[in-house]
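What follows is a set of notes on a single structure, which appears directly below.
Nothing in this text is a laboratory measurement; each read-out follows from the coordinates by a stated rule. A quick note: this is a predicted structure, and the numbers were derived from the prediction, not measured. Quick reminder, even Gly has a Cβ in these numbers, built from the backbone with ideal geometry, and neighbours come from all protein chains shown.
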Amino acid sequence: MVEPLIRPLAQADPEVDQAIAQELIRQQSTLEMIASENFAPASVMEA
């Protein structure tokens, strides 16, 4: 019998499946802000 080449990730690699699920939850529940520039305008610094 030939094993199917395509299996659900949870069956093929449960550890990777769990890591992806946790990353999805992290992305949906947090806000990650990154600086778009290396400097802040003077008006922002005064605020």
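Brief remarks follow.
- Any pair with Cβ under 9 angstrom, 6 or more apart, that starts in segment 10-37 at a residue that is without any contact (Cβ under 8 Å) to a residue 40 or more places away in the chain and ends at one that is among the hydrophobic types (A, V, I, L, M, F, W, C) and exposed (fewer than 10 other Cβ atoms within 10 Å of the Cβ): A12/I6
- Residues within the chain that are surrounded by 10 or more Cβ atoms within 10 Å (Cβ to Cβ), acidic (D, E) and part of a helix (DSSP H, G or I), tallied: 2
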